[in-house]
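Just so it is clear, none of the values below were taken in a lab; they were calculated from the coordinates. In this text, all values refer to a predicted model and were calculated from it rather than measured experimentally. Cβ coordinates were reconstructed from backbone atoms using ideal geometry, including for glycine residues, and neighbour counts include every protein chain displayed.
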Amino acid sequence: MLFTEEGKQHRAGLWLVRGEAAYARACFATARAALDPEDRPRVLAGSIMAAVYEGLLSGVERAGDRVLEAEPRLSATRRLWIAGRTLLRERMA
């Protein structure tokens, strides 16, 4: 949690995390919308990385203002699942 100089819990930390997460999600959506469907096969690795980062972002959002203590992570199994799901989705698009 983030604290004030007096040691009291500071709720601005939660506001900051939520705002940054919303901004990141908007950037992901803008990039996805700007991608020409013809180029999708050439940026498969980037699409997989973006999907993994979005999964990590979900962990950051769940941690809220405890993000500095919680250190959100994705297990190797979860990352593999996300990569496989993204690969299938991109191949079928």
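Here are a few things to note about the model shown:
- With respect to the conditions (1) crowded, with 16+ Cβ neighbours inside 10 Å; (2) without any contact (Cβ under 8 Å) to a residue 40 or more places away in the chain, V67 falls short on a single one, namely (2).
- Residue match in the stretch 35-48 (condition: under 22 Å from G13 (Cβ atoms) and surrounded by fewer than 14 Cβ atoms within 10 Å (Cβ to Cβ)): no
- Single unsatisfied condition, F28 versus (1) without any contact (Cβ under 8 Å) to a residue 12 or more places away in the chain; (2) surrounded by 14 or more Cβ atoms within 10 Å (Cβ to Cβ): (1)
- All positions within the stretch 70-93 that are polar (S, T, N, Q) and surrounded by 11 or more Cβ atoms within 10 Å (Cβ to Cβ): T86
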